[in-house]
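**Student:** Mind looking over this structure? Questions follow.
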Amino acid sequence: MSQMSSPRRDASSATPRYRPLVFGVTRVDVDERGDGSCVVRAEQPLRPYPPRLTDRLIDIARRFPDRVFVARRRRLDDGRTGDWHEIRYGEALADARSIAQALIDRGLDAERPVAILSENGLEHALLGLGCLLAGIPWCPISPAYSLMSRDYGKLRHAIATLTPGLVFAADAQRYRAAIEATVPADVELVVPDRDVAAFTGRRVTSFEALVDTTPGAAVDAAIAATGPDTIAKFLFTSGSTREPKAVVNTHRMWCANQQQMLQSMPVLGEVPPVLVDWLPWNHTFGGNHNFGLALYNGGTLYIDDGRPTPALIGETLRNLREIAPTVYFNVPLGFEAIAHAMKDDARLRRTLLSRVRMFFYAGAGLAQPVWDALHRVQEQEIGERIVMGTGLGMTESGPFALFITSPDVRAGDLGVPAPGVELKLAPSGDKLEARYRGPNVTPGYWRAPQETREAFDEEGFFRTGDAVRWIDPRNRHKGLRFDGRVAEDFKLASGTFVSVGPLRARIVALGAPYVQDAVITGLNRNEVGALVFPTPLVRELAGLAPDAPLEAVLAAAPVVERFRNLLEALAAEATGSATRIARMLLLAEPPSIDSGEITDKGSINQRAVLRRRDALVQALHDDTAPGILKLSTGH
């Protein structure tokens, strides 16, 4: 694939120039209803899609057997990473057929599926493909449940919900304690050959033995028996407010959603996409959206072992200096780190921007200053901007549901429904809740009939809990903006409603690059407050030793001054008591995944934080917490 080139933007032009990108859906039909709700649909119909995702694997492997499907850097003995280990489509299909035969031989099914306790990896990818061919569901379970949890509560719940017949771990040493604490002794374990001896008294099989199985007619029969309603996988919700729920993902869901993505983002079909991606496969963004995108469109997925953290961002930057993606996906923290690094890294700028046609973020709000910084670097390097794509979706919608309609997009814009998605806007107080119906929507939660019934309204629309509003009510083709969560809003003691979503977005935007996220407080109080999770950059701001305790960093004069100024800046934009942050507390303790304060995609759950830190919230408003920042009396 050749590098794209475009004329540089005229510096005197007021209109920014974007690298060309076609938007598949730009117009919608709106069906107004007498009850105040409406149903929004794309004018473009959903085109046909295959009944099984494996149809795409088989077709591409036969036509392009030597094309690289997935690659990951080799692990060296000293812990570093080396060159790329590539698996081509022909090899992937052959190995997946062997694995499928091994799984069929074990009599596995939806009642006894495959559970994967591992990060993204080549074995993980091949095992998932083998499950797809065999018609046996698999479930990638969040590694954090095994590696970060103290009590293994969520992992134990996941295993009990699934009752797996086989559990795979790519690194027995790291996952051994979690397995021994949660996986029943009669469940077969599959690990790399080097780790088989790590377990005694259990049935343990090497992954290599699965790949060495000779496939037979049973594999072809299993493929033929698999249809649109066959369960492809289970994906657990984040469990922010309750125990995680296992979302049923069928072949119809996955295939329809990939076709919806292709029609909304035609760039995916122009050339085989190339992805450099770290997003975890246990989450729908990485595991359905991006893994599926590469497979459905015959692309290549380079597994990035980096993360948007100070310790691991270097690996991501290394990969982006070497591999030029055609589309690039990340969460806001990742784009923030990349924007910062590109300022002084010419090779990173040159490679990353050489042929990328679109950036795309999800998982949390991207602060406008980060967005603007990316555009400045792009214009300086290539004379034009890269479209920052975004939208709205969730595990239960496949995840793709809404996408933007033009390059003219700002932080918080969501766009319009993808082809085939019916979007119902249902009044909820003074907000509009987004609800979905379509072939990409889950049939429900596994072994949870009550939760499934509660999730859908009387017309079969899935209740998302996300609030939206029109960008321009006079021109609805421009689409929708995010308006927070329906259940997050609350009243002050005065009876005034506080709209949480916009307030959080303002704190993150004005507090960039020092604010990771914020939780809004003040239920039944006289004033609005905020608990703020700072980014690691506050250490640079504090000017203390690199190993200084975070409590000392947050108490340092430059940090206190910066956040006092943030309070004043927020107050200057406020229009009344419901939009004025009167007090603020910086949190040294990061959000806890065990307590549901943070999801796997890195977004904060307002209700979980407020519940767990209730004493701190009360102390914030009673003036008894140390380190409270308050507005000056002039406000």
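**Student:** Among (1) under 30 Å from D372 (Cβ atoms); (2) open to solvent by 60 Å² or more (accessible area, probe 1.4 Å), where does N475 come up short?
**Tutor:** That leaves (2) as the condition not met.
**Student:** Let me ask something additional. Do we find that L366 is within 24 Å of L414 (Cα to Cα), part of a helix (DSSP H, G or I) and either out of contact with any His (no Cβ under 6 Å at 6 or more places or on another chain) or in contact (Cβ under 8 Å) with a residue 40 or more places away in the chain (or both) in this structure?
**Tutor:** No: the conditions fail for L366.
**Student:** Okay, next question. Tally up the residues in region 131-171 that are more than 22 Å from V204 (Cα to Cα), in a loop (DSSP other than H, G, I, E, B) and among the hydrophobic types (A, V, I, L, M, F, W, C), please.
**Tutor:** Total satisfying the criteria: 1.
**Student:** Just to be sure, is G334 touching a helix residue (DSSP H, G or I) at 6+ places or on another chain (Cβ under 9 Å), assigned to a helix (DSSP H, G or I) and modelled with pLDDT under 95? Talk me through it step by step, then tell me what you get.
**Tutor:** Values: touching a helix residue (DSSP H, G or I) at 6+ places or on another chain (Cβ under 9 Å): yes; assigned to a helix (DSSP H, G or I): yes; modelled with pLDDT under 95: yes.
Yes.
**Student:** Could you run through region 196-218 and say how many residues are surrounded by fewer than 16 Cβ atoms within 10 Å (Cβ to Cβ), touching a residue at least 60 places away in the same chain (Cβ under 8 Å) and aliphatic (A, V, I, L, M)?
**Tutor:** The total comes to 2.
**Student:** Select from region 240-281 the residues that are modelled with pLDDT under 95 and either open to solvent by less than 10 Å² (accessible area, probe 1.4 Å) or not in a loop (DSSP other than H, G, I, E, B) (or both) and list them in ascending order.
**Tutor:** Listed by number, the residues that qualify are P244, L279.
**Student:** If you scan region 326-356, which residues turn out to be in contact with a strand residue (DSSP E or B) (Cβ under 6 Å, 6 or more places away or on another chain) and farther than 25 Å from Q516 by Cβ?
**Tutor:** Correct list: T326, V327, V356.
**Student:** Just to be sure I understand the filter: pairs with C-beta atoms under 6 Å, separated by 6 or more residues or on different chains, first member in region 286-307 and over 22 Å from K233 (Cβ atoms), second member modelled with pLDDT of 95 or more and acidic (D, E). Which pairs pass?
**Tutor:** D305/E315; G306/E315
**Student:** Could you check how many residues of region 49-58 are open to solvent by 50 Å² or more (accessible area, probe 1.4 Å) and under 30 Å from L320 (Cβ atoms)?
**Tutor:** 1
**Student:** Need at least 3 residues that are within 20 Å of E322 (Cα to Cα) and either among the hydrophobic types (A, V, I, L, M, F, W, C) or open to solvent by less than 20 Å² (accessible area, probe 1.4 Å) (or both) per element, so show me which strands (runs of 3 or more DSSP E) inside region 60-127 make the cut, counting only ones lying wholly within it.
**Tutor:** Details: elements: 68-75, 81-88, 114-116.
Per the criteria, 68-75, 81-88.
**Student:** Something else now. Among all residue pairs at least 6 apart or on different chains, which show Cβ distances below 8 Å where the first residue, located in region 371-384, is closer than 10 Å to A339 by Cα and the second is in a helix (DSSP H, G or I) and small (G, A, S)?
**Tutor:** If the second residue must be in a helix (DSSP H, G or I) and small (G, A, S), the pairs left are A373/A339; L374/A339; V377/A339.
**Student:** Specify the residue that is surrounded by the most Cβ atoms within 10 Å (Cβ to Cβ); the eligible residues are those in region 438-472 that are assigned to a strand (DSSP E or B) and free of Cβ contacts under 8 Å to residues at least 60 places away in the same chain.
**Tutor:** Within region 438-472, the match that is surrounded by the most Cβ atoms within 10 Å (Cβ to Cβ) is A467.
**Student:** Something else now. Tell me yes or no: at least one residue of region 406-421 is charged (D, E, K, R), more than 21 Å from R19 (Cβ to Cβ), surrounded by fewer than 22 Cβ atoms within 10 Å (Cβ to Cβ) and in contact (Cβ under 8 Å) with a residue 40 or more places away in the chain.
**Tutor:** Looking for residues that are charged (D, E, K, R), more than 21 Å from R19 (Cβ to Cβ), surrounded by fewer than 22 Cβ atoms within 10 Å (Cβ to Cβ) and in contact (Cβ under 8 Å) with a residue 40 or more places away in the chain, one finds none in region 406-421, hence no.
**Student:** Out of region 219-235, which residues are open to solvent by less than 20 Å² (accessible area, probe 1.4 Å) and either assigned to a strand (DSSP E or B) or not aliphatic (A, V, I, L, M) (or both)?
**Tutor:** Once the filter is applied, which keeps residues that are open to solvent by less than 20 Å² (accessible area, probe 1.4 Å) and either assigned to a strand (DSSP E or B) or not aliphatic (A, V, I, L, M) (or both), region 219-235 yields T226, G227, A232, K233, F234, L235.
**Student:** Taking V609 as meeting all but one of (1) part of a helix (DSSP H, G or I); (2) over 30 Å from G153 (Cβ atoms); (3) open to solvent by less than 50 Å² (accessible area, probe 1.4 Å), write down the number of the exception.
**Tutor:** For V609, the exception is condition (2).
**Student:** Between a residue in region 325-346 that is farther than 17 Å from P310 by Cα and open to solvent by less than 10 Å² (accessible area, probe 1.4 Å) and any residue that is outside any loop (DSSP other than H, G, I, E, B) and aromatic (F, W, Y), which pairs come within a Cβ distance under 6 Å, given they are 6 or more apart or on different chains?
**Tutor:** Listed pairs, sorted by first residue: Y328/F359; F329/F360.
The values are calculated or read from the model by the stated rules, or taken from the named source; none is laboratory data. This structure is a prediction, so every number in the text was calculated from the model and none was measured. Cβ atoms come from the backbone with ideal geometry, glycine included; neighbour counts cover every protein chain shown. Just so you know, the surface numbers come from the protein's heavy atoms only, side chains and all, with ligands and any DNA or RNA stripped out. Shrake-Rupley method; radii C 1.70, N 1.55, O 1.52, S 1.80 Å.
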